[in-house]
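A short worksheet on the structure shown next.
None of the figures in this text is laboratory data; all of them are computed from the coordinates on show. Treat the numbers as computed from the prediction; the structure is a model and nothing was measured. Cβ atoms come from the backbone with ideal geometry, glycine included; neighbour counts cover every protein chain shown.
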Amino acid sequence: MDASALRKYGPLALIVVLAALMTALAVQNRQLRQQQALLVTKVEQLSKAVHGLPEGAEPEALTATAINGESLTLAGSRSGRQVLYFFSPSCKFCLASVPQIQALDAAGRNNGHRAFEMVAVSLPPHDAAPDYASQHGFAFPVINDVDARITQRYSATLVPMVVVIDDGKIIYRHVGQLKDSSVNAITGAFVVRAGRKAAASPAG
């Protein structure tokens, strides 16, 4: 390329090179963001995995009294189907999960018949629990776990946390803010459990 051609096409070539570099950097930046998002997701999953008792655990039965004075037994071989909801009145993720908790409670009611017993367990601040439950229309028993017996038994170190129990055995656990899909997964756990029981039973 002679000097005149270089003067004529040089700036254009430089623009092309710069455009190619910017495109390459944009692609690389997008890949880095995707890798970072994947890493954050894995870290969150690992973090949540250490909270709460694992599926398959059979916690010892605990008796407690709800805010309304109702006596309750949590877990144990005669507990039937239970959904325990651990929350704190000061937790913003619990507040964001209220619509899903209300939907979960509604899913447990079927023409007056309870598909499962739903019980909430309040962590500190305990003095705010009664007003919180009333304000958000919790139509299920709420236990104010002042002595932390239940919290410690279920290793509820992160809220919100939902523990699904069937005949004394934990069959599902959700840690973190609930979504509509979480409600389906929680109620579906009983269906999955029933299917496994049926498959394991000898043919009649």
Inset, instruction - Starting from one equal scatterer on each C-alpha and no solvent at all, send me the Debye-based log10 I(q)/I(0) for the stretch 62-200 at q = 0.11, 0.22 Å⁻¹, two decimals. - result: -0.36, -1.58
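What percent does the relative contact order of the stretch 62-200 come to when contacts are Cα pairs within less than 8 Å and at least six residues apart? Write out the running numbers ahead of the final one.
Working: 235 pairs, mean separation 43.0, N = 139.
Relative contact order of the stretch 62-200: 31 percent.
Cβ neighbours within 10 Å, averaged per peptide: list 20-27, 130-137, 154-161, 143-150 in order, most packed at the top.
Values: 20-27: 10.0, 130-137: 14.2, 154-161: 21.1, 143-150: 16.8.
For the peptides 20-27, 130-137, 154-161, 143-150, the packing ranking is 154-161, 143-150, 130-137, 20-27.
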Inset, instruction - Would you work out if the stretch 61-104 is rounded, prolate or oblate? Take a ≥ b ≥ c from the square roots of the eigenvalues of the alpha-carbon gyration tensor; rounded if a/c is under 1.5, else prolate when a/b is larger than b/c, oblate otherwise. - result: prolate
Inset, instruction - Could you work out the local net charge near residue 189, counting Lys and Arg as +1, Asp and Glu as -1, over the other residues with Cβ closer than 15 Å to its Cβ? - result: +2
Legend entry - Theoretical gain in end-to-end length, residue 68 to residue 167 [0.36 nm per residue, Cα-Cα removed]: 33.1 nm
